1. Mind listing the phi-derived Karplus ³J(HN,Hα) values for segment 57-74, rounded to whole Hz, using 6.51, -1.76 and 1.60 with θ = phi - 60°, and x for any glycine or proline?
2. Cα-Cα over 29 Å: which of K7/K154; K154/K224; K154/K220?
3. Using Cα positions and a limit of under 20 Å, work out the lysines in reach of K94, with same-chain residues fewer than 8 apart set aside.
4. So what is the accessible area of segment 190-236 per residue, in Å², with the probe set to 1.4 Å?
5. How much of the accessible area of the chain, in percent, comes from carbon and sulfur atoms when a 1.4 Å probe is used?
6. Hey, which lysines would be in cross-link range of K248, C-alpha to C-alpha under 20 Å, not counting anything within fewer than 8 residues on its own chain?
7. Enumerate the amide H contacts of F239 below 5 Å, restricted to partners 5 or more residues apart or on another chain; note that Pro and chain-start residues carry no placed amide H.
8. Can you list the aspartates and glutamates whose alpha carbon is less than 20 Å from that of K88, not counting same-chain residues fewer than 8 positions off?
Amino acid sequence: AKLWLEKFLRENVQFTVDMLMGVELLPFQSMMVKTMMKSDYFLAILSRGASKTFSCAIFLTLHALLNQGVHIGVISASFRQSKGIMKKILDIAKTPKARFLNDCITRVSLQNDEWNIEIGQSKITALPLGQGEKLRGFRFQVMVMDELLLMPNKIIQEIIVPFLAVVTNPTERKRLREAEDVLISQGKMKEEDRKVWPSNKLIGLSSASYQFENLYAMYKEYEKAILSGENKNAHYSIFHMAYEAVPKELYDPALLEKAKAEMSEAQMDREFRSIFTS
């Protein structure tokens with residue numbers, strides 16, 4: 001019954017979030033969280049104000065709850081932005097409707113250069129980016145990069161991506177696979193019943209950029225991986241939305257009019273219409 005419940009909670013994101021956090025997700029937010037859960041490499045290109053930070057906070061909380069022992073890293077070009085996702089989690093947990101989530105948070109540590117939220121045996125850590133040196137001492141199974149547009153490509157390729165090539169429990173995985181081999185050879189287990197370990201994840205959140213910048217090159221790589229279907233070992237996803245596709249209730253009409261009056265068309269294209277401009 002516990003296993004069935006866990007599977008049900010994974011598949012029914014809206015129900016789970018409502019029950020644990022007292023939050024009613026909009027349909028596109030529920031889709032975004034579910035896509036993060038299913039993907040190994042996830043890229044969100046969303047309009048300014050389209051709840052990137054909020055949706056990511058919901059996902060991180062669920063992933064930590066449902067994958068006990070996972071270590072999640074959150075970085076951004078500024079430490080303030082990294083802490084923004086953590087604050088969202090803590091703000092949600094403080095609400096009366098999020099009593100179940102609050103009960104699951106076992107420890108919170110907010111230091112000058114490192115924020116940690118522990119949920120059972122899982123941990124979410126926000127760090128300042130700097131030159132990337134502080135990141136070398138950590139091992140994460142999930143890495144979130146907020147404001148990806150501003151992240152130096154060298155740090156992404158030389159420090160962050162290598163995190164995802166290493167698993168934290170190789171001995172346990174080897175022992176379990178050998179036990180499964182024995183059961184399969186004896187006809188007591190089927191190949192499709194092997195344990196599926198959660199994949200390491202790389203999640204990028206950003207508004208659109210110029211086409212000559214690194215973010216657009218990454219976008220095209222993800223797009224190629226998705227459309228070609230050549231990469232069978234990893235699941236890529238792009239979540240791409242302009243402000244016109246977001247429910248109108250999320251936006252203050254006065255703010256939109258102000259942005260249209262003060263921004264150039266190219267700026268509006270990148271910041272609100274999620275268009276990569278030349």
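The values are calculated or read from the model by the stated rules, or taken from the named source; none is laboratory data. Values in this document were obtained by computation on a predicted structure and should not be read as measured data. FYI the Cβ positions are ideal-geometry reconstructions off the backbone, even for glycines, and counts take in every protein chain you see. Surface accessibility is based on the protein's heavy atoms, side chains included, excluding ligands, DNA and RNA. Shrake-Rupley method; radii C 1.70, N 1.55, O 1.52, S 1.80 Å.
1. Calculated HN-Hα couplings, in order: 4, 4, 4, 4, 4, 5, 5, 5, 5, 8, 10, 4, x, 6, 10, 10, x, 10 Hz.
2. Over 29 Å Cα-Cα: K7/K154.
3. K83, K123
4. Numbers: 3010 Å² over 47 residues.
I get 64 Å² per residue for segment 190-236.
5. On the way: 8010 of 15120 Å².
C and S fraction of accessible area: 53 percent.
6. The reachable lysines, counting only those whose Cα sits under 20 Å from K248, are K52, K258, K260.
7. L43, A44, I45
8. Partners within reach: D18, E24, D103, D113, E114, E118, D146, E147, E249.
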